[in-house]
Each structure stands twice: as C-alpha cells, then as structure tokens.
1. When the residues of segment 180-193 are narrowed to those that are open to solvent by 30 Å² or more (accessible area, probe 1.4 Å) and assigned to a loop (DSSP other than H, G, I, E, B), which ends up modelled with the lowest pLDDT?
2. Do we find a residue being free of Cβ contacts under 8 Å to residues at least 24 places away in the same chain and either acidic (Asp, Glu) or surrounded by fewer than 20 Cβ atoms within 10 Å (Cβ to Cβ) (or both) anywhere in segment 43-62?
3. Which one of Asp125, Asp155 is surrounded by fewer than 21 Cβ atoms within 10 Å (Cβ to Cβ), closer than 18 Å to Arg43 by Cα and among the acidic types (Asp, Glu)?
4. For a quick check of your reading of the model, give me the residue pairs whose first member lies in segment 13-27 and is open to solvent by 50 Å² or more (accessible area, probe 1.4 Å) and assigned to a strand (DSSP E or B), whose second is among the acidic types (Asp, Glu) and modelled with pLDDT under 95, with beta-carbon atoms closer than 7 Å and at least 6 apart or on different chains.
5. For segment 101-120, name all the residues that are under 18 Å from Asp10 (Cα atoms), open to solvent by 20 Å² or more (accessible area, probe 1.4 Å) and not aliphatic (A, V, I, L, M).
6. Restricting to segment 72-100, what's the tally of residues that are in a loop (DSSP other than H, G, I, E, B) and either among the β-branched types (Val, Ile, Thr) or open to solvent by 40 Å² or more (accessible area, probe 1.4 Å) (or both)?
7. Give the residue, chosen from Asp140, Asp165, that is more than 24 Å from Arg108 (Cα to Cα) and not hydrophobic (A, V, I, L, M, F, W, C).
Amino acid sequence: MPARPALFVDRDNLLIEDRGFICRPADVVLKPGAADLLLAARRRRWGRIVVTNQSGIARGLFDWAAFHAVNARMIELLADCGAALDAVVACAWHPDGLPPLAGDHVWRKPRPGMLLTAQIRFGVDLTASWLAGDRRSDIDAARAAGLAGAMLIHDRAPAIPVVSDRGDGFTMLEARGIAAALACGSPLMEQAA
C-alpha cells in the first residue's frame, strides 16, 4: 500500500480544552472546530494521528491508565460529531520527570521522533503531511520531520490568518481558531483527490 499523507494533531489545547494536567475523562471538553478539522482530513483521505507530549506522566501527576481514559472520552466525543482518529502517539518523557521517564527523548516535541515513528508504523508520506498544533514546539517538530507544513492555531494569533513560506518548502499557517485555519489557505480545504 502506498504511503498517504496524514494530519498530525496535537491533543491539549487543539482537540481538547487545556485545563492543566487532564487526568479525568469528565474534564474532557472538545475545542470548537476539533471535529471539523478531523473531518476535513478524512475528506482528503488523509490519516489522522494525534502526537502529544504528556509530561504529567513523567512528573507522576497521572498514569498511563488515566491518559488512556482521557483519550477514550475524547474519541467518544469526536465520534458523536462523526469524526475519528487513526492513532494516538504520546511521549511521557520530560527533563523534570521522575525516573525512568526523566530526561529528554527523541519523541518529545520539538524533536520529530513521534512523527518519524508514525511514518514507519502507519505508512505516512511525511512530505505531503501537515501538523496542527498550538505551540512553537509543534511547528519545530513538523519542520524537523520534513512535513509540507503546519498550522499554528492559538488564541494569540493575528485576527487575520497569516500564511508564510520561507522558501524552504515548508508552509506555516497561523490562525486564531480552527475555523479560521480551515478557511484560509489550509491544504485540507482543497478539493479531494
């Protein structure tokens, strides 16, 4: 099977509201436009893969079971909106973590390890893929992995979305909210192949 593009998506503050270290399913609330983002990727026949740093595990604030329970609730809420994910890839390592998860790791964004692992495991064409995130570390991971581009979606973005290309083949779109990102220059809004 030939490799296909994917939309890599950060979890906290992109798909779900960031309320600190979320460890209870009852605290999961979808961000406005989260389902629309995944549905747009599905219409393009792109994979939909969450890539998320989860330092709360390394810090001992919650465990993998709590992480999976939160993901299960997120997936349930997305399904209620007709949206789905293909995979969730997480890195629990953190420089301030507790052993054995103390330190930096190649999977921890801004490093590209989660994206490179997904390429192999799920047959992703990185050069045609994009990442949507809310932090500069998301963008840096996308660039380091050789993705086509990234959407930086956050509340401090300019009111009018900005698309930039430094001539290196990597396009960045910065927008205030998912709806604005989808409406302005997103590759997800192009006609399905």
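The values are calculated or read from the model by the stated rules, or taken from the named source; none is laboratory data. Just so you know, these numbers come straight off a predicted model, no measurement behind them. Cβ sites come from the backbone with ideal geometry, for glycine too, and all protein chains shown count toward neighbours. For the accessible areas, the whole protein counts, side chains as well, though only heavy atoms, and no ligand, DNA or RNA atoms are used. Shrake-Rupley method; radii C 1.70, N 1.55, O 1.52, S 1.80 Å.
1. The residue in question is Ala193.
2. No, segment 43-62 contains no residue that is free of Cβ contacts under 8 Å to residues at least 24 places away in the same chain and either acidic (Asp, Glu) or surrounded by fewer than 20 Cβ atoms within 10 Å (Cβ to Cβ) (or both).
3. Asp125 is the lone residue from the list that is surrounded by fewer than 21 Cβ atoms within 10 Å (Cβ to Cβ), closer than 18 Å to Arg43 by Cα and among the acidic types (Asp, Glu).
4. none
5. Of everything in segment 101-120, those that are under 18 Å from Asp10 (Cα atoms), open to solvent by 20 Å² or more (accessible area, probe 1.4 Å) and not aliphatic (A, V, I, L, M) turn out to be His105, Trp107, Arg108, Pro110, Arg111, Pro112, Thr117, Gln119.
6. Result for segment 72-100: 9.
7. Among Asp140, Asp165, only Asp165 is more than 24 Å from Arg108 (Cα to Cα) and not hydrophobic (A, V, I, L, M, F, W, C).
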